[in-house]
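Engineer: I am attaching a structure below and will ask some questions about it afterwards.
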Amino acid sequence: MGYELLEKIIELTDSSDLLDVKFNSVARLIFNYFSFNQCAIYIFDEEKKVFNLSAVHGNKDGIVQVYHDGEGVPWLAIKGDKPMVANISRKAGWCGFSDSGLMGFETAVVCPIKLDGTDNYGILYLKSKKKKMLTSRRKKLLSVITLQLAMTIKTQRCISSLMTTNAQMMSVQAKLIHAEKLIALGEMAATFAHSIKNPLMSIGGFAKRLSQQFSKDSPLKGYVDMI
């Protein structure tokens, strides 16, 4: 069934490499195993409603960088949970949909990257310049591969979310520490002001009484008034 292929894909997707690096290696393995002319992996952007090209291996003809909302075969594929196989001759054309990425190809195999029919994470897109058919065994293998790809994308997004949350928490913590320092300085300043104010008032009061004991012409009066 392709257990060796699955083992290699699992090993690649579990590595610490960046997602695009992982998927480029996966695309190369799938390309070699299934013998299509092109293997591409697209990741779905839920916010922008687009499929962005993440990896491609093989013939670069007709490669589409971004599939916007409703464009091409990818949007037909995500409506179902099983691999979608389209076999159309060049003369007949691609009936029922338009996809600029199919120019020059006769067979397209598009597999939705999902987990149990839940959130859509992307598509695995295989193209052949000749008419090809996939056995049920190979379709099942593609389904297992796309499950692994979906888990990889979901895990990566969870890690990114945790890192973002952690960074936000660290920022809030730094602000709290800074605020605590300012509060401590304020309390210290208030304590010092209170401690200094009492003796200064005593000094000022006694100096005023001393000043009243000297005549205006006394040379000492100036010093006492200065105090």
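Engineer: Yes or no: segment 20-41 includes at least one residue that is over 24 Å from Cys158 (Cα atoms) and β-branched (Val, Ile, Thr).
Structural biologist: Quick first cut of segment 20-41, residues over 24 Å from Cys158 (Cα atoms) only: 28-39.
Applying the additional criterion that residues be β-branched (Val, Ile, Thr) yields 30.
Checking segment 20-41: at least one residue is over 24 Å from Cys158 (Cα atoms) and β-branched (Val, Ile, Thr).
Engineer: Restricting the search to segment 1-48, which residues are part of a helix (DSSP H, G or I), of a type in the set (A, V, I, L, M) and open to solvent by less than 60 Å² (accessible area, probe 1.4 Å)?
Structural biologist: Here is the first cut: in segment 1-48, the residues part of a helix (DSSP H, G or I) are 3-13, 19-34.
Within this subset, residues satisfying the condition of being of a type in the set (A, V, I, L, M) are 5-6, 9-10, 12, 19, 21, 26-27, 29-30.
Correct list: Leu5, Leu6, Ile9, Leu12, Leu19, Val26, Ala27, Leu29, Ile30.
Engineer: Kindly check whether there is at least one residue in segment 166-182 that is of a type in the set (Ser, Thr, Tyr) and closer than 30 Å to Leu18 by Cβ.
Structural biologist: Going residue by residue through segment 166-182, those that are of a type in the set (Ser, Thr, Tyr) are 171.
Subset that is closer than 30 Å to Leu18 by Cβ: 171.
So far as segment 166-182 goes, yes, one or more of its residues are of a type in the set (Ser, Thr, Tyr) and closer than 30 Å to Leu18 by Cβ.
Engineer: Condition check: of a type in the set (A, V, I, L, M, F, W, C), open to solvent by less than 80 Å² (accessible area, probe 1.4 Å) and modelled with pLDDT under 85. Does Ala189 satisfy that?
Structural biologist: Values: of a type in the set (A, V, I, L, M, F, W, C): yes; open to solvent by less than 80 Å² (accessible area, probe 1.4 Å): yes; modelled with pLDDT under 85: yes.
It is true that Ala189 is of a type in the set (A, V, I, L, M, F, W, C), open to solvent by less than 80 Å² (accessible area, probe 1.4 Å) and modelled with pLDDT under 85.
Engineer: Pick from segment 52-71 the residues that are under 14 Å from Leu126 (Cβ atoms) and small (Gly, Ala, Ser): which of them is modelled with the lowest pLDDT?
Structural biologist: Among those residues, the one meeting the criterion is Gly62.
Engineer: Further, regarding this structure: State yes or no: is Met188 within 30 Å of Gly104 (Cα to Cα), of a type outside the set (S, T, N, Q) and over 34 Å from the mean Cα position of the chain (by Cα)?
Structural biologist: On the way: within 30 Å of Gly104 (Cα to Cα): no; of a type outside the set (S, T, N, Q): yes; over 34 Å from the mean Cα position of the chain (by Cα): yes.
For Met188, the condition - within 30 Å of Gly104 (Cα to Cα), of a type outside the set (S, T, N, Q) and over 34 Å from the mean Cα position of the chain (by Cα) - is not met.
Engineer: Then there is this: Mind listing whichever residues of segment 109-140 are polar (S, T, N, Q) and assigned to a strand (DSSP E or B)?
Structural biologist: Across segment 109-140, the qualifying residues are Asn120, Ser128.
Engineer: Moving to a separate point now. Filtering segment 211-227 down to residues that are of a type in the set (S, T, N, Q) and without any contact (Cβ under 8 Å) to a residue 12 or more places away in the chain, which residue is least open to solvent (accessible area, probe 1.4 Å)?
Structural biologist: If we filter segment 211-227 for residues that are of a type in the set (S, T, N, Q), which is where we start, we get 211-213, 215, 218.
Checking which are without any contact (Cβ under 8 Å) to a residue 12 or more places away in the chain leaves us with 212-213, 215, 218.
Details: Gln212: 128, Gln213: 145, Ser215: 69, Ser218: 25 Å².
Across segment 211-227, the extreme among qualifying residues is Ser218.
Engineer: Something else about it: Can you name the condition, by its number, that His194 falls short on among (1) closer than 30 Å to Ile9 by Cα; (2) at pLDDT below 80?
Structural biologist: Of (1) closer than 30 Å to Ile9 by Cα; (2) at pLDDT below 80, only one is false for His194: (1).
Engineer: Could you pull out the residue among Ser161, Ser143 that is surrounded by 10 or more Cβ atoms within 10 Å (Cβ to Cβ), assigned to a helix (DSSP H, G or I) and touching a Cys at 6+ places or on another chain (Cβ under 9 Å)?
Structural biologist: So the residue among Ser161, Ser143 that is surrounded by 10 or more Cβ atoms within 10 Å (Cβ to Cβ), assigned to a helix (DSSP H, G or I) and touching a Cys at 6+ places or on another chain (Cβ under 9 Å) is Ser143.
Engineer: For the condition surrounded by 11 or more Cβ atoms within 10 Å (Cβ to Cβ) and either in contact (Cβ under 8 Å) with a residue 60 or more places away in the chain or of a type in the set (Lys, Arg) (or both), what is the one hit in Lys181, Lys175, Lys154? Steps first, answer last, please.
Structural biologist: Working: Lys181 fails: surrounded by 11 or more Cβ atoms within 10 Å (Cβ to Cβ); Lys175 fails: surrounded by 11 or more Cβ atoms within 10 Å (Cβ to Cβ).
Just a single option satisfies the conditions, and that option is Lys154.
Engineer: How many residues does segment 121-140 contain that are crowded, with 21+ Cβ neighbours inside 10 Å and of a type in the set (S, T, N, Q)? Lay out the reasoning, then the answer.
Structural biologist: Taking segment 121-140 and keeping what is crowded, with 21+ Cβ neighbours inside 10 Å, we get 121-127.
Filter once more, so that each one left must be of a type in the set (S, T, N, Q): none.
The qualifying residues number 0.
The values are calculated or read from the model by the stated rules, or taken from the named source; none is laboratory data. The model shown is predicted, which means the values in this text are computed figures rather than measured ones. Glycine gets a Cβ as well: all are built from the backbone with ideal geometry, and neighbour counts include every protein chain shown. These area figures cover heavy atoms from the full protein model, side chains too; ligands, DNA and RNA do not enter into them. Shrake-Rupley method; radii C 1.70, N 1.55, O 1.52, S 1.80 Å.
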